[in-house]
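Student: Okay, here's the structure, questions in a sec.
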Amino acid sequence: MLVALGGGLLLGAAGMQFGPIWLAAGVLTGVIVAPVTYLAVLAMRTPTPEKMLKTGRLEEALQLLESGMPTARVLARKWPGQFPELLADRLTLKAEIQHTLNRVPQALDAADEVVDILTELAENRPGRYDPELARVLCLQAGLLAVVGRHGEALGAAETAAALYRDLAVIDRVGYVALLAVALERQADALGYLDRVGQARAIAATAALIRSDMMPGHAALTGQPRRAQP
């Protein structure tokens, strides 16, 4: 209220010298602009988990996420058309921080919940959540591998790789490296399941993608490489 009043008085005084109409316009503009500007500045100064992560404050970022999680859950429950995506985003960040802190069970719980949320959302809007779903599936595959659940890790990695393969065809620069990561997770899972031949083939594909040796989109479409003349 004080911010709005101050802004109205300031711009009103500035407009007063041009007449009553400008005085009224100045007051009205000040009442609207001042609070908006104040909130924008406040938002820039307010710490967020993302800002904390950039400075290596993992525990603080996690605590801030946890403090806001009940609100995110209530919003997602009351307004399922708008807020589940926000909840999924917060849970993904939580899973990644827990993974970095080597808290695998907690990270896996969060990742599992995100997969459930995004899978349900994707049923109504196919393709809309593919990048987010691929990201968390790849994380989930790695976490499942750590706890020895290699069959489930393979399923998650295969789905992530399929999503990234489609995304990389559209945006090679943005997704081809992530495709390689998903393929590496898939190859690791296959190796643990004693499917050595398949593991080697997929690992080789991932290595070729990383070294950028495949021309065009051969690696992405599954087409065999042509022999060089």
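A short reminder: the numbers here are calculations on the coordinates, not readings from a lab. All values derive from a computational prediction rather than experimental measurement. Backbone-built Cβ (ideal geometry, glycine too); neighbour counts: all protein chains shown.
Student: Mind ordering 100-109, 75-84, 161-170, 202-211 by average Cβ neighbours within 10 Å, highest first?
Tutor: With the highest mean Cβ count within 10 Å placed first, the list reads 161-170, 202-211, 100-109, 75-84.
Student: Residues in segment 127-146, backbone N under 11 Å from the label point at Y192 (7 Å along the Cα-to-beta-carbon vector): list them, ranges by number please.
Tutor: 141-146
Student: I've got another one for you. Could you give the nm distance between label points at E60 and D171, where each point is 7 Å from its Cα heading toward the beta carbon?
Tutor: A separation of 3.1 nm, rounded to one decimal place.
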